[in-house]
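J.: Have a look at this one.
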Amino acid sequence: MLISSTGTPRPRTFAAGALVAAVVLIGGCSSSGGGADPAGAEATLSAQPAAGVPAATAALEAKATVIDVRAPDEFVAGHVEGASLVNIQDPTFAAKIAELDPEVTYVVYCRSGNRSAAAAEQMRAIGLDVLDGGAFDDMVAAGWPPATG
C-alpha cells in the first residue's frame with residue numbers, strides 16, 4: 001500500500017499503478033514489432049515457426065529450397081545436400097537474393113544461426129518467403145541430409 005505525502009494510505013493509486021504496469025508488460029510481450037505494420041509483415045512473421053530445428057523441420061516438410069549463407073570454406077567442409085551457397089558476407093549478397101524466384105519457399109542456415117537470422121531478415125524485406133533454419137546442426141537434426149565437397 002502506498003502512503004501519500006500527508007501520511008494517509010492510498011490503496012487505489014497502488015492498484016491503478018499495478019494495473020498500468022501489468023498492461024504495459026502484457027502489451028510489450030504480445031507484439032514483435034515496434035510500430036505500425038502496414039504491409040502485414042508482423043502477421044507473416046508470427047505465423048512462421050521459431051528459428052532453428054522447428055523452422056528447419058517445417059522447411060523440410062515444405063520441400064523448401066536450401067541456401068547456405070556461410071563462407072565458401074565452411075560450405076566445402078560440410079553442407080546440407082542440395083544447398084546453394086549464397087555467402088551473406090559477400091558484397092554481392094543483396095544482388096544475388098534479388099535474383100531469387102519470389103514464388104519459391106527458401107530455408108537459410110549458417111554455422112550458429114546468427115548469419116541465417118540476418119539473411120532471413122534481408123530476404124523477407126524484399127518479399128521472399130524464407131524460413132530461418134538456424135545452424136547447420138539444426139538442419140541435420142531436423143532431417144536434412146549432410147554432404148561434403
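J.: Based on this model, can you work out whether Gly28 counts as at pLDDT 95 or above and loosely packed, with under 13 Cβ neighbours inside 10 Å?
T.: Details: at pLDDT 95 or above: no; loosely packed, with under 13 Cβ neighbours inside 10 Å: yes.
It is false that Gly28 is at pLDDT 95 or above and loosely packed, with under 13 Cβ neighbours inside 10 Å.
J.: Which number in (1) closer than 15 Å to Ser84 by Cβ; (2) without any contact (Cβ under 8 Å) to a residue 40 or more places away in the chain; (3) of a type in the set (Ser, Thr, Tyr) marks the one condition that Tyr106 misses?
T.: For Tyr106, the exception is condition (2).
J.: Scan region 130-144 for residues that are buried (at least 24 other Cβ atoms within 10 Å of the Cβ) and of a type outside the set (A, V, I, L, M, F, W, C) and jot them down.
T.: Asp132, Gly133, Gly134, listed by residue number.
J.: With respect to the numbered conditions (1) over 15 Å from Ala71 (Cα atoms); (2) part of a strand (DSSP E or B), which one is the sole condition not fulfilled by Tyr109?
T.: Every listed condition holds for Tyr109 apart from (1).
The values are calculated or read from the model by the stated rules, or taken from the named source; none is laboratory data. Since this is a predicted model, take the numbers as computed values, not measurements. Neighbour counts run over all protein chains shown; Cβ positions are idealised from the backbone, glycine included.
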